[in-house]
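What follows draws every value from the coordinates through simple rules; no lab data is involved. Predicted model only: the values in this text are computed from it and were never measured. All Cβ positions, even for glycine, are placed from backbone atoms using ideal geometry, and neighbour counts span all protein chains on display.
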Amino acid sequence: MSEKITRTADTRKTALFMMLGASLCFSTGGLFMKLIPWNALAINGVRNLIACIVIGIYIRIIHHKIVLNPTVLVGAMCMAGVTTFYSIANKLTTAGNTIILQYTAPIWIMIMVYLFFGRKPSRTGVISILIVFAGILCFFFEGLSTGRWLGDLIALLSGIFYAGVFMLNSFEKGDALSSVFFGQLLCGLFLSPLAVRETDFSIPVLLSVFFLGAVQVGLAYIFFTTGTKYIDPLTASIINAIEPVLNPVLVAVFYGEKLGRLSLIGAAIVLCGILYYNIREAVSAKQQP
C-alpha cells in the first residue's frame, strides 16, 4: 500500500512540474513574437508547421489514434483562429494586453454555453463575468487613447476562439490532440509560404521561430496535456495563472515594453475574476459527493 501511495505522490509531483513547464513555455510567446521582425501571419505559419511536427511525433510515440470528424475539424479551425489572432494581436498591441485578453476564455465558455445550450451560469460565473468585463473595459479605454484598440479587439477574438476549442473538445466526438494537430497543420500549410517575402533570415531570427514552434507551442502543449491528467483543476488553474503574469514581465525586461497604468489595472481585475471563478468552481466540485 505504501509503495502505491509513493508512486501516486511521485506521479503528482511530476505532473506539477509538467504544468509549471507548460506555463513557462507558453509565457515566452509574447517576447519572441516581439523579437522576430517578420509579419505576424508568417511567424504563425512557420511556428505552427514546426509545432505540428513536434505534436505529430508525440502522437506517434504514445500511439494516440488520430480522429477526423466534423467536431475535430471545427476544433481545428478554432485552434487555427487562436494562434492566428494571438500572433496578429502581439504585433498591434502590448504582449501583456494580448495574453490577458486571451486568458478571458473561461468567461466566453460560460456565455457560449448559455447562448447555444440555454444553461445559465452559476452565481460564481455571473460575478466572474462582471469582474472580467470591468477589466476588459480598462484595456479598451486605454486602447482608444493609445491607438491600440484594434490589437486589443483581435486579442479578445483569440480568447473567444480559445473558448471554442475547449467547448468542442468536451463534446463526445471531440479529441484535443487531433484538433491541435490539424489546426497547426492548417496554419502551417496556408501561412508558412508567406515567410518567403521576409528578408531577415539571420540565425537569431530562425532560432527564435524554431523555439516558438518547438517549445512555446509544441512542447508546452505536451506538458499541459500530460500534467492535467494527474492534478486537480484547482492546482492546474493556479499554476496556469503564471503565464499571463510572466509573459508581460519577460517582454518588459528583455524588450522594454510595458503596460499602461489603466491596462495594469485591467490585467489585475481580469486575473482576479478568472482565478475567483476557477478556485470557487474547483472547491465546489471537491465538496460534491
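Extension gain, residue 229 to residue 66, is 56.8 nm, computed as 0.36 nm per intervening residue step minus the present C-alpha separation. For region 1-144, the relative contact order is 22 percent, taking Cα pairs closer than 8 Å that sit 6 or more residues apart in sequence and dividing their mean separation by the residue count. Divide the volume of the convex hull around the Cα atoms of the chain by the residue count and you get 149 Å³ per residue. As a calculated quantity, the FRET efficiency between residue 268 and residue 203 at R0 = 35 Å, using C-beta atoms, amounts to about 0.35.
When only DSSP loop residues count, what trypsin sites (Lys or Arg not before Pro) in region 36-109 have their Cβ near at most 16 other Cβ atoms within 10 Å? Each step should come with its number before you reach the end.
Numbers: sites: 47, 60, 65, 91; in loops: 65.
Those satisfying the criteria are 65.
Extending 7 Å from Cα along the Cβ direction at residue 130 and again at residue 196 yields two label points whose distance is 5.6 nm.
For the listed peptides 183-194, 11-22, a ranking on the average number of other beta carbons within 10 Å per residue, highest first, reads 183-194, 11-22. Per the Debye calculation on region 31-180 with a single equal scatterer at every Cα and no solvent contribution, log₁₀ I(q)/I(0) for q = 0.17 Å⁻¹ amounts to -1.04. Taking label positions 7 Å along the Cα-Cβ direction at both residue 123 and residue 16, the computed distance is 3.3 nm, reported to one decimal. Distance between the C-alpha centres of region 183-215 and region 121-160: 30 Å, rounded to the whole angstrom.
Once fully extended, how much extra length lies between residue 283 and residue 57, figured as 0.36 nm per residue of separation less the alpha-carbon to alpha-carbon distance? Intermediate values should be presented prior to the final figure.
Working: separation 226, 0.36 × 226 = 81.36 nm, distance 3.66 nm.
That works out to 77.7 nm of additional length.
Taking 11 Å as the cut-off, the amide N atoms of region 204-219 that come nearer than this to a point 7 Å along the Cα-to-beta-carbon line of residue 35 belong to 204-212.
With a length cut of 20 Å (Cα positions projected on each helix's long axis) and a Kyte-Doolittle mean of at least 1.6, go through the chain and give me the DSSP H helices that pass.
Working: long enough: 2-26 (36 Å, 0.18); 40-62 (32 Å, 1.82); 70-92 (33 Å, 1.10); 123-146 (35 Å, 1.71); 149-169 (30 Å, 1.53); 176-191 (22 Å, 1.88); 261-287 (39 Å, 0.85).
TM-like helix candidates: 40-62, 123-146, 176-191.
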